[in-house]
Amino acid sequence: MRIITDERCTDYSSPGHPERPARISRTVERLREQKELAIDWSAPAAVNDEAILRAHTKEHLARVKAAVEDFDGDTPRHPGIFEHAQRSIGGALSALAATRKGEVAFSLLRPPGHHATRERAMGFCYLNSVAIAVLEALATGAKKVAVFDFDVHHGNGTEAILLNNPGAVFFSIHQHPCYPGTGTANVGRNCFNYPVAPRTPREEYRKVFERAFAELRKAKPDLVAVSAGFDAYARDPLAQETLEAEDFHWLGETVRKLGVPAFSLLEGGYSTALPELILAYLKGLDGK
Ligand SMILES: [Zn+2]
């Protein structure tokens, strides 16, 4: 199991913001102290603008680099936010590369990315790491890449970037109504959305995941990218869903059983249980 992280991702924060450094630092601590998973740690790959510009406009990239003003109320400017977002992308690209070598890989970095659209930062996200990794995979030999986004919020940015891309297929399972309010129906030829009502019992939530996995299998991807958000957890402060740690273990196990090379990257997850939820998911991925 390869975990890609960089301690510099804990160097920025806003008072009271739920997307905080402890999400990563506490998870790293938890993963270092546990004994069940054998972990190889590595740093994110370097990223050039060319890879970013497959997913984003020049204007948007320039705005993130300059970061002269807050992007929106949820998505503040921070000194060096471009370098932080660039390392998150590098984590996704490293996870992709590791997966191609037959490893199980997870990118444990912040900021997340799945709300960032081609031209806009929003929802704690600046640049869309998963979309950039998918487009990189397609540019370097992958024929069909599926994104499985189980964050409790709709992956609107990933959808917008991959919409009708013949090499990509996108699945998002998310609470509705909830931020950002999109994802109520399928879009285009390749974006499949599974809105779930607040407080849906976890057994039913899993059935929705099963439906999405069944569609994903039909798409016959040669690679799967998982936008792993842990905010559908029962005690997450930003949503009203019901999942427990064992459901995230089941998600990992189900991804493993797809039998397709798959890499995962952290999106959301704001409860104090985040380290346990990530560990449960990783154990499932690793067959433990
Ligand atoms: Zn989320």
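The values are calculated or read from the model by the stated rules, or taken from the named source; none is laboratory data. Quick caveat, the model's predicted, so the values are computed rather than measured. Cβ sites come from the backbone with ideal geometry, for glycine too, and all protein chains shown count toward neighbours. These accessible areas exclude ligands, DNA and RNA; they are computed on the full protein's heavy atoms, side chains included. Shrake-Rupley method; radii C 1.70, N 1.55, O 1.52, S 1.80 Å.
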Inter-label distance for Glu204 and Ala43, nm, one decimal - labels placed 7 Å from Cα along Cα-to-Cβ: 4.9
Under the Kirkwood approximation for Rh and a Cα-based Rg, what ratio Rg/Rh is obtained for the stretch 1-138? 0.97
Distances longer than 28 Å among the Cα atoms of the stretch 72-223: what percent of all pairs is that? 18
Efficiency by 1/(1 + (r/R0)^6): what FRET value for Glu246 and Ala66, r their Cβ-Cβ distance, R0 = 51 Å, to the nearest 0.05? 0.70
All Cα pairs of the stretch 234-288, percent lying beyond 15 Å: 47
Label zone at Ser13, where the point sits 7 Å out along the Cα-to-Cβ direction: the stretch 248-288 residues whose backbone N lies under 17 Å: 269-275
Heads up, the stretch 1-54 by the C-alpha gyration tensor (a ≥ b ≥ c square roots of eigenvalues; a/c under 1.5 rounded, else a/b over b/c prolate, else oblate) looks oblate
Kindly sort Thr184, Thr27, Thr242 by accessible area of their heavy atoms, largest first, with the probe set to 1.4 Å. Thr184, Thr242, Thr27
What value in Å³ per residue do you get for the convex hull of the alpha-carbon atoms in the chain? 110
If you consider only alpha-carbon coordinates, what radius of gyration and Dmax does the stretch 144-288 have, in Å? 13.8, 39
How do 148-156, 63-71, 192-200 rank on mean C-beta neighbours within 10 Å, highest first? 148-156, 192-200, 63-71
Express the carbon and sulfur contribution to the solvent-accessible surface of the stretch 200-288 as a percent, rounded to the nearest whole number, probe 1.4 angstrom. 50
Which value, in Å², gives the accessible area per residue of the chain when a 1.4 Å probe is used on the protein heavy atoms? 39
Compute the Rg to Rh ratio over the stretch 62-112 from the alpha carbon atoms, using the Kirkwood formula for Rh, and round to two decimal places. 1.13
Straight-line reach check, Lys101, cutoff 29 Å on alpha carbons, 8 or more apart in-chain or any other chain, hits among lysines -> Lys35, Lys143, Lys144, Lys218, Lys220, Lys257, Lys283, Lys288
